[in-house]
Amino acid sequence: IADEESGYNKNLFCIPKHYEEDLERVFIPHGLILDRTERLARDIMQDMGGHHIVALCVLKGGYKFFADLLDHIKALNQNGDRSVPITVDFVRIKSYC
């Protein structure tokens with residue numbers, strides 16, 4: 001996204017009431033994020049070939065993206081020519097000050 005990008009008018013989206021006062025614009029629409037997440041899953045499956053995938057989620061912020069990414073990977077795994085084993089684990093990292 002270019003620095004000059006003004007984003008999209010928030011009135012084009014369904015914004016939860018509790019966020020309406022805090023938002024001015026939407027820079028990346030949800031559909032674009034979902035599409036990019038699916039593309040990332042395809043890239044991972046292609047890059048990993050038939051190797052075992054170890055997926056590690058950093059908790060307290062990454063769980064939703066992680067779940068969406070794994071859903072796409074699992075769908076590709078089920079509908080593809082080969083099945084690749086996937087191990088999932090979670091780590092919690094303490095923030096630094």
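The values are calculated or read from the model by the stated rules, or taken from the named source; none is laboratory data. Computed from a prediction, not measured in an experiment: that's the story for all the values here. As a convention, Cβ positions derive from the backbone with ideal geometry for all residues, glycine included, and neighbour counts pool all protein chains shown. Note: accessible area is taken over every heavy atom of the protein model, side chains too, but ligands, DNA and RNA are not part of it. Shrake-Rupley method; radii C 1.70, N 1.55, O 1.52, S 1.80 Å.
Lys10 passes every criterion in (1) touching a Leu at 6+ places or on another chain (Cβ under 7 Å); (2) of a type in the set (D, E, K, R); (3) under 23 Å from Arg92 (Cβ atoms) apart from (3). When region 34-72 is filtered for residues that are hydroxyl-bearing (Ser, Thr, Tyr) and open to solvent by 30 Å² or more (accessible area, probe 1.4 Å), only Tyr63 remains. Against the test of being assigned to a helix (DSSP H, G or I) and of a type outside the set (A, V, I, L, M, F, W, C), the options Lys60, Lys64 yield a single qualifying residue, Lys64.
Entry remark, region 75-97: residues being within 20 Å of Asp47 (Cβ to Cβ) and open to solvent by less than 100 Å² (accessible area, probe 1.4 Å) number 11 in total.
Identify, by number, the condition in (1) outside any loop (DSSP other than H, G, I, E, B); (2) surrounded by 10 or more Cβ atoms within 10 Å (Cβ to Cβ); (3) of a type in the set (Gly, Ala, Ser) that Gly31 doesn't meet. Of (1) outside any loop (DSSP other than H, G, I, E, B); (2) surrounded by 10 or more Cβ atoms within 10 Å (Cβ to Cβ); (3) of a type in the set (Gly, Ala, Ser), only one is false for Gly31: (2).
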